[in-house]
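Trainee: Just dropping this structure here.
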Amino acid sequence: MAEEKKLRDISWKEFKALPLTEKGAYFQGDPPHTLIAQQFTRAKLEELCTLATRIKRINKRREGANFLKTLLSDKRAMLYFAQPSSRTYLSHNAACQILGLDTMDVRDSSTSSEVKGESPEDSVRTFSSYADMIIMRHPKGGFAERVAWMMAHTGREVPVLNAGSGSDQHPTQALLDIYTLARSFEDIGGIDGKHVVFVGDLQRGRTVRSLAWMLTLYKDMTLYFVAPEPLQIGQDILDLLDAAGTKYVVTDDFASIMPIADAIYMTRIQDEWDAAGESSTIDTSSFRIGAEHMDIIKDTTAIMHPLPRRQEISTEIDNDPRAVYWRQMRNGMWIRAALILTTFGRQDEANQYYDDYKPGT
Ligand code: ASP
Ligand code: CP
């Protein structure tokens, strides 16, 4: 990662125009922000995955859980979710509870003073007056970046965690996806060299956009983008993969890719972004997994989904050991705890506790 740069030293216009891979250097400072997948290095991902597992193990015993609750007991987090969420909201909230942070929330802008005409910018500035961290989901792409930039130009810059912005980024989901892949492939050589298959609405799926880039940090990957043509992955992501030298295949032939997949990452049609119900006219019937496919999928394949699902994964396969999406969801709580702790620079205290007490697996 390039040397640290300061958001307060750059105009919004200049910052906005930067390529994603150059923006990351502005988020590493004090406080660090988590805004885009492109700000992560492989070393950082590995550090977070290790810490997530340690927090999980420490938390298993009551003394450990009580210790974790002291780590951020002097901090408060604001959860601002201007779009619906179950997992991301709850897992961030649970991660805060594990670390002893108190939380406040606005889950619906219609209950905040935005209704009285307050701008989203002023609303977030208001939240930052009472909180030490803002965890936010917003329908407007790039708005979390705007908030971080704006706060850097006020006297109170608190860290911002992007919990999903528009259809462009969902970096903390990509973190839990990386953690899930790392755990799934622990005994088969880790993530390097694997074939990861993305299926569904890749055009508007922000989880795919963030995760695809993070996978460029691993060696000899091949990514497969399997979707009907109108829902295919954006050229901007393919350009990033090209620049990173990551191999990929773009296809609509799911059946031929299933047997070679090490991970299959299913996604739902993101029809909340439809202008007039146009995605209901697209035939997505061959972009699903059911019990009839399980014989051709390898024994070690991890079947993932950021959730919520609709029909793209049949509930018949939920108890197959390859169906890791429920574990994937729970992993979100641990990796988000690791991220929040690291954001406040208190990870050494958890690592020290782990080394001293060596809690079992
Ligand atoms: N929950 C994920 C997101 O918010 C995926 C989805 O909604 O389909 O992006
Ligand atoms: N995966 C995910 O972001 O789920 P929610 O939309 O329920 O938060």
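All of the numbers you see were taken from the coordinates with simple rules; none came from a lab. On a predicted model such as this, the values are computed, not experimentally measured, just so you know. With ideal geometry, Cβ positions are generated from the backbone for all residues, glycine too; neighbour counts draw on all protein chains shown.
Trainee: Hey, what does the equivalent ellipsoid look like for region 172-256, semi-axes from the Cα gyration tensor as sqrt of 5 times each eigenvalue, largest first, whole Å?
Mentor: Numbers: eigenvalues 82, 37, 35 Å².
With the √(5λ) rule applied to region 172-256, the semi-axes are 20, 14, 13 Å.
Trainee: So how far apart, in nm, are the two label points at Thr70 and Asp9 if each is 7 Å from Cα heading toward Cβ?
Mentor: Roughly 3.9 nm, to one decimal.
Trainee: Another question about this same structure. Exceeding 19 Å between C-alpha atoms, which entries from my cross-link table qualify? They are Lys5/Lys140; Lys194/Lys298; Lys56/Lys219.
Mentor: On the way: Lys5/Lys140 25 Å; Lys194/Lys298 13 Å; Lys56/Lys219 28 Å.
Correct reply: Lys5/Lys140; Lys56/Lys219.
Trainee: Checking the a/c ratio against 1.5 first, then a/b against b/c, what shape does the Cα gyration tensor give for region 294-361? Please list the in-between numbers first.
Mentor: Working: a/c = 4.01, a/b = 2.19, b/c = 1.83.
It is prolate, given that a/c is not under 1.5 and a/b is the larger ratio.
Trainee: Let a ≥ b ≥ c be the square roots of the eigenvalues of the Cα gyration tensor of region 121-268; is it rounded (a/c under 1.5), or, if not, prolate (a/b larger than b/c) or oblate?
Mentor: Working: a/c = 2.61, a/b = 1.94, b/c = 1.34.
Prolate, because a/c is 1.5 or more and a/b exceeds b/c.
Trainee: Taking H placed 1.01 Å from N in the peptide plane, check which residues at least 5 places from Thr103 or on another chain put their amide H under 5 Å from its amide H.
Mentor: Ala77
Trainee: Next question. What is the local net charge at Arg268, summed over the other residues whose Cβ is closer than 14 Å to its Cβ (Lys, Arg +1; Asp, Glu -1)? Please list the in-between numbers first.
Mentor: Values: positive: Arg87, Arg204, Arg206, Arg288, Arg309, Arg310; negative: Asp201, Asp271, Glu272, Asp274, Glu312.
Taking every other residue near Arg268 into account, the sum is +1.
Trainee: Provide the per-residue ³J(HN,Hα) series for region 78-92, in order, calculated from phi with Karplus coefficients 6.51, -1.76, 1.60 and θ = phi - 60°, each as a whole number of Hz, with x at glycine and proline positions.
Mentor: 9, 9, 10, 10, 8, 9, x, 6, 10, 5, 5, 5, 5, 6, 5
Trainee: Now for a different question. Identify which of Ile237, Ile135, Ile264 has the largest mean-square fluctuation in a Gaussian network model of the chain, with springs joining Cα atoms closer than 10 Å.
Mentor: Sorting by GNM fluctuation, first place goes to Ile237.
Trainee: So, R0 is 25 Å and r is the distance between the beta-carbons of Ser314 and Ser110; what FRET efficiency does that work out to, to 0.05?
Mentor: Step by step, r from the Cβ atoms, then E = 0.10.
Trainee: Still on this structure, please answer the following. Springs between alpha-carbon pairs under 10 angstrom, Gaussian network model over the chain: which of Tyr224, Tyr179, Tyr130 fluctuates most?
Mentor: Tyr130
Trainee: Would you please give the residues with an amide H less than 5 Å from that of Ile264, counting only those at least 5 places away or on a separate chain, with H modeled from the backbone geometry?
Mentor: The answer is Val197, Ala302, Ile303, Met304.
Trainee: Can you list which of the GluC sites (Glu not before Pro) found in region 1-72 are DSSP loop residues with at most 16 other C-beta atoms within 10 Å? Please list the in-between numbers first.
Mentor: Numbers: sites: Glu3, Glu4, Glu14, Glu22, Glu46, Glu47, Glu63; in loops: Glu3, Glu4.
Passing both the DSSP loop test and the Cβ count: Glu3, Glu4.
Trainee: Using the Karplus curve 6.51 cos²θ - 1.76 cosθ + 1.60 with θ = phi - 60°, work out ³J(HN,Hα) for each residue of region 53-60 in order, rounded to whole Hz, and write x for Gly and Pro.
Mentor: Listing the rounded values in order: 5, 5, 4, 4, 6, 4, 5, 5 Hz.
Trainee: Using a Gaussian network model of the chain with C-alpha springs under 10 Å, which one of Ala338, Ala144, Ala25 is most mobile by mean-square fluctuation?
Mentor: Highest fluctuation of the listed residues: Ala25.
Trainee: For a quick size check, give me the Cα extents of the chain along its three principal axes, largest first, whole Å.
Mentor: That gives 55, 52, 39 Å along the principal axes, largest extent first.
Trainee: Going by amide H atoms built from the backbone, whose H comes under 5 Å of the H on Ile289, apart from near neighbours?
Mentor: Close amide H contacts, sequence-distant or interchain: Ile313, Ser314.
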